[in-house]
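These notes concern the structure reproduced below.
Where a number appears in this text, it was derived from the coordinates with a stated rule and is not lab data. These figures come from a predicted structure and were not determined experimentally. Here the Cβ positions follow ideal geometry from the backbone for every residue, glycine too, while neighbour counts run over all protein chains shown.
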Amino acid sequence: MTDSRTAHDAAVTDRARLSTRAYSTDRDLAARQSLYRWQTPRYDLPGIVAEHLRAVRGRVVDVGCGNGKFLKRLCQERPDLKLLGLDISPGILADVPGPVAVADVTRLPLASASADAVLALHMLYHAPNIARAVAELARAVTPDGLLIASTNSERDKSELDELWVRAAGDVLGTGRGPARISLSSRFSLEEAPAFLGERFGAVEVIELPGTIVARSPDPVVAHMASYQAWADQHDVPFEATIERAHAILSAHIARHGAFEIHCLGGILICRR
């Protein structure tokens, strides 16, 4: 593994960074989530998860629940379920409907086979040891239960990657700058089935492709700026690069009417 890759992975999985900077509140997470308001087709992700939990009775644990987007929906639609939200950051749990607890996916405070379903949505790339985290999730699930995970493809939002490289290059005066940090690259949609298949016999992948059409630079810039917690990993002045990206986007939208971003995420339904 290269030194740059090692540094990237260490930054993405650093527990102190995650709990005190990246997710101390839901501001940055909400900025990333809000970009999908301009996506076509629009996917009701909490609704998709709720549908796959339709036959589940008993206890559902959302590991890495973040700002509680999925738990809030389940509270409304499935009051019969016993819900528990877990996250490594106490700050982001402030507005999540309880019960909640601070916990790490590699050391879950759950008895073996105590959850009828476990959610691990856009969070396994933050685990220092993904295989160990998957093993811990499998330990917590009942033999006939399920795990629902999610992540993004290696090809997700490539236009944002190109925008960052161009803006960073302009700031540095090098033509093209260094790549921006990618959270999901450690657990991409292409690689996730192999990780999950080590502990779950059946892994169904549901791809969710879409196109974001942004007619203002603001939501795109907010999404890019939400990676501020990893600014030291970019090898470029972060705020200056964000400002340059805003200028590039503004010019592009003025000329073409919109900026398009192609997305590819997915949900993985895992059973023993």
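How charged is the neighbourhood of Ala138? Take every other residue with its Cβ under 12 Å from the Cβ of Ala138, and add Lys/Arg as +1 and Asp/Glu as -1.
With Lys, Arg at +1 and Asp, Glu at -1, the neighbours total +3.
If amide H atoms are built 1.01 Å from N in the plane of the peptide, which residues on other chains or at least 5 residues away come under 5 Å of the amide H of Glu190?
Glu154
Would you tally the net charge around Leu84, using a Cβ to Cβ cut-off of less than 10 Å, leaving Leu84 out, and scoring K and R as +1, D and E as -1?
+1
With θ taken as phi - 60° and the coefficients 6.51, -1.76 and 1.60, list the Karplus ³J(HN,Hα) couplings across segment 32-44 in order, rounded to whole Hz; mark glycine and proline as x.
Once rounded to whole Hz, the list reads 5, 5, 5, 4, 6, 5, 9, 8, 10, x, 8, 9, 8.
Let me spell out the model: positive unit charges on the Cβ of Lys and Arg, negative unit charges on the Cβ of Asp and Glu, origin at the Cα centre of segment 3-271. What dipole size does that give, in debye rounded to 20?
Computed about the Cα centre, the dipole is about 440 debye.
Positive end of the charge dipole of the chain (Lys, Arg +1 and Asp, Glu -1 on Cβ, about the Cα centre): tell me which of Val96, Val213, His223 has its Cα farthest that way.
Checking the options against the dipole of the chain, the answer is Val96.
For the chain, compute Rg over Rh where Rg is the Cα radius of gyration and Rh is the Kirkwood radius from the inverse mean 1/r over Cα pairs.
So for the chain, dividing Rg by the Kirkwood Rh gives 0.97.
Report the far tail of the P(r) of segment 107-261, meaning the percent of Cα-Cα pairs longer than 26 Å.
41 percent
Compute the acute angle (0 to 90°) between the alpha-carbon long axis of helix 158-172 and the principal axis of greatest extent of the alpha-carbon atoms of the chain; round to the nearest 10°.
The helix 158-172 is inclined about 40 degrees to the chain.
So what are the ³J(HN,Hα) numbers for segment 75-81, from phi and the Karplus equation (6.51, -1.76, 1.60; θ = phi - 60°), rounded to whole Hz, Gly and Pro as x?
Computed from phi, the couplings for segment 75-81 are 4, 6, 8, 10, x, 6, 7 Hz.
Taking H as built 1.01 Å from N, whose amide H comes closer than 5 Å to the amide H of Lys82, not counting residues under 5 places away?
Gly58, Arg59, Val60
Hey, can you grab everything whose amide H is under 5 Å from the amide H of Val105? Only 5+ residues off in sequence or another chain; H modelled, so Pro and N-termini drop out.
none
In nm, to one decimal, how far is the Ala55 label point from the Glu198 one, both placed 7 Å along Cα→Cβ?
Result: 2.8 nm between the two label points.
Less than 12 Å Cβ to Cβ from Arg73, Lys/Arg counted +1 and Asp/Glu -1: what total charge do the surrounding residues give?
Summing Lys/Arg as +1 and Asp/Glu as -1 gives -1.
If you fit an axis through the alpha-carbon atoms of helix 130-140 and take the longest principal axis of the Cα set of the chain, what angle between them do you get, 0 to 90°, nearest 10?
30 degrees
Give, as ranges by residue number, the residues of segment 140-182 whose backbone N falls under 20 Å from the point 7 Å along Cα→Cβ of Arg255.
Taking a point 7 Å out along Cα→Cβ of Arg255, the residues of segment 140-182 whose backbone N falls under 20 Å are 158-177.
Please give the calculated 222 nm ellipticity per residue for the chain, where each DSSP H segment of at least 4 residues contributes -39500 (n - 2.57) and the sum is spread over every residue; nearest 500 deg cm²/dmol?
-10500 deg cm²/dmol
Determine ³J(HN,Hα), in whole Hz, for all residues of segment 216-226 in sequence, where each value follows from phi through the Karplus function 6.51 cos²θ - 1.76 cosθ + 1.60 and θ = phi - 60°; x replaces Gly and Pro.
9, x, 4, x, 5, 5, 4, 5, 5, 5, 5
Which whole-angstrom value gives the distance between the alpha carbon centres of segment 153-230 and segment 25-87?
21 Å
In straight Cα distance, which lysines are under 24 Å from Lys82, not counting same-chain residues fewer than 8 positions off?
Correct list for Lys82: Lys69, Lys72.
Among 23-30, 135-142, how do they line up by average Cβ neighbours within 10 Å per residue, starting with the highest?
Averaged packing, sorted descending, gives the order 135-142, 23-30.
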